[in-house]
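J.: One structure follows; several queries about it will come next.
The values are calculated or read from the model by the stated rules, or taken from the named source; none is laboratory data. Owing to the predicted nature of the structure, the values given are computational and were not obtained by experimental measurement. Here Cβ is always computed from backbone atoms with ideal geometry, including for glycine, and neighbour counts include all displayed protein chains.
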Amino acid sequence: MRVVVAACIALCACRASIDELEGAYYAWDGRQVHCSVEIDDRAGFSIAQIEAGMDRARDTGEVLELLVHTPGVSITLERFEQVLAAAEARGLPFLTATELLRGVPRAGVALMYDDWHTAEWVDSMPLLDRYGAKVTLYVGRYPGMPVTAHAQLAQLAAAGHDIEAHSIMHMRGPSFVEQHGLRTYLDEEVLPSIELLRGDGYEVVSYAYPFGAHTSEIDRAILDSGVSFVRTLAKRNELRANPCPD
């Protein structure tokens, strides 16, 4: 029993709380490598921990970047609404990726959705509207989506949500580069993801890494390809003191 308790303490000590994840806060300093904190149910953050992170953002004038994948699936709607309500209670506006790039500096929450779950994203719109929340949608596998999904993205964009790039086939960048080279990763995964969305009328100012996996070399290459920032990811179950970049 003592061994189990000691192991638990050691694990907890290795995991940073949200308000200590320096890289998860955007301080309006022109940073080009952003980091969002995954708050899906599986991530293990309590509402109290999320609220502590929001308290920091409110008190420092920073923006806390938060990620969910599929409202109603990866995070219960009850819990999701608690997150939205916590931001509203603190007077924190919901800011999109474009607003992080061009907006007036202020405290806020940047709420993001990842992947290709357009039906569930549309279903979440009434709840988002209730709290005046705008979301950045990082879209992967765009060319393989059915016509209905493309129409749903257009509906979300028309409602003021931000459409951004998240790769073509959702491959882990560092592993792909190791096997096929950086040029191939850019040509097959990154650039088409950006260009196809732009071709359909979405501005696209940023790129989010699948699984948050990245390297400094890949960061530089993507930033040189015409987006203003890239976004990685912090997960609660990663045994690192600060998985977000500083």
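J.: Name every residue in segment 52-76 that is within 18 Å of the chain's Cα centre (by Cα) and surrounded by fewer than 18 Cβ atoms within 10 Å (Cβ to Cβ), in order of residue number.
T.: Just the residues of segment 52-76 that are within 18 Å of the chain's Cα centre (by Cα), to begin with: 53-54, 57, 62-76.
The answer is Gly72, Val73, Thr76.
J.: Of all residues in segment 170-188, which are out of contact with any Ser or Thr (no Cβ under 9 Å at 6 or more places or on another chain) and hydrophobic (A, V, I, L, M, F, W, C)?
T.: Met171, Leu182
J.: For the condition of a type outside the set (S, T, N, Q) and not in a helix (DSSP H, G or I), what is the one hit in Leu100, Leu64? Talk me through it step by step, then tell me what you get.
T.: Details: Leu100 fails: not in a helix (DSSP H, G or I).
The match here is Leu64.
J.: In addition: Of the conditions (1) of a type outside the set (Gly, Ala, Ser); (2) surrounded by fewer than 16 Cβ atoms within 10 Å (Cβ to Cβ); (3) modelled with pLDDT under 95; (4) within 26 Å of Leu95 (Cα to Cα), Arg220 clears all except one; give me its number.
T.: Looking at each condition in turn, Arg220 falls short on (3).
J.: Of all the residues that make up segment 103-137, how many are part of a strand (DSSP E or B) and more than 13 Å from the chain's Cα centre (by Cα)?
T.: So in segment 103-137, the residues part of a strand (DSSP E or B) come out as 108-115, 135-137.
Narrowing the set further to residues that are more than 13 Å from the chain's Cα centre (by Cα) leaves 108.
Residues that pass the stated criteria total 1.
J.: For residues that are among the hydrophobic types (A, V, I, L, M, F, W, C) and under 19 Å from Gln82 (Cβ atoms), scanning just segment 122-140, find the one that is surrounded by the most Cβ atoms within 10 Å (Cβ to Cβ).
T.: The initial filter retains those residues of segment 122-140 that are among the hydrophobic types (A, V, I, L, M, F, W, C), namely 122, 125, 127-128, 133, 135, 137, 139.
Subsequent filtering for residues that are under 19 Å from Gln82 (Cβ atoms) retains 125, 127-128, 133, 135.
Numbers: Met125: 17, Leu127: 15, Leu128: 21, Ala133: 21, Val135: 23.
Among those residues, the one meeting the criterion is Val135.
J.: Further, regarding this structure: Tell me yes or no: at least one residue of segment 175-182 is under 23 Å from Ile39 (Cβ atoms) and charged (D, E, K, R).
T.: No, that holds for no residue.
J.: Out of curiosity, is Arg198 among the charged types (D, E, K, R) and at pLDDT 95 or above? Give the steps one after another, and end with the answer.
T.: On the way: among the charged types (D, E, K, R): yes; at pLDDT 95 or above: yes.
So Arg198 fits the description; yes.
J.: Across segment 24-61, what is the number of residues that are closer than 26 Å to Trp121 by Cβ, in contact with an Asp or Glu (Cβ under 7 Å, 6 or more places away or on another chain) and assigned to a helix (DSSP H, G or I)?
T.: Selection size over segment 24-61: 2.
Let's see how each residue does on (1) surrounded by 15 or more Cβ atoms within 10 Å (Cβ to Cβ); (2) among the small types (Gly, Ala, Ser); (3) touching a Leu at 6+ places or on another chain (Cβ under 6 Å):
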| position | (1), (2), (3) |
| --- | --- |
| Pro146 | no, no, no |
| Ala157 | yes, yes, no |
| Ile168 | yes, no, no |
| Glu188 | yes, no, no |
| Ser193 | yes, yes, no |
| Val205 | yes, no, yes |
| Tyr209 | yes, no, no |
| Gly212 | yes, yes, yes |
| Val227 | yes, no, no |
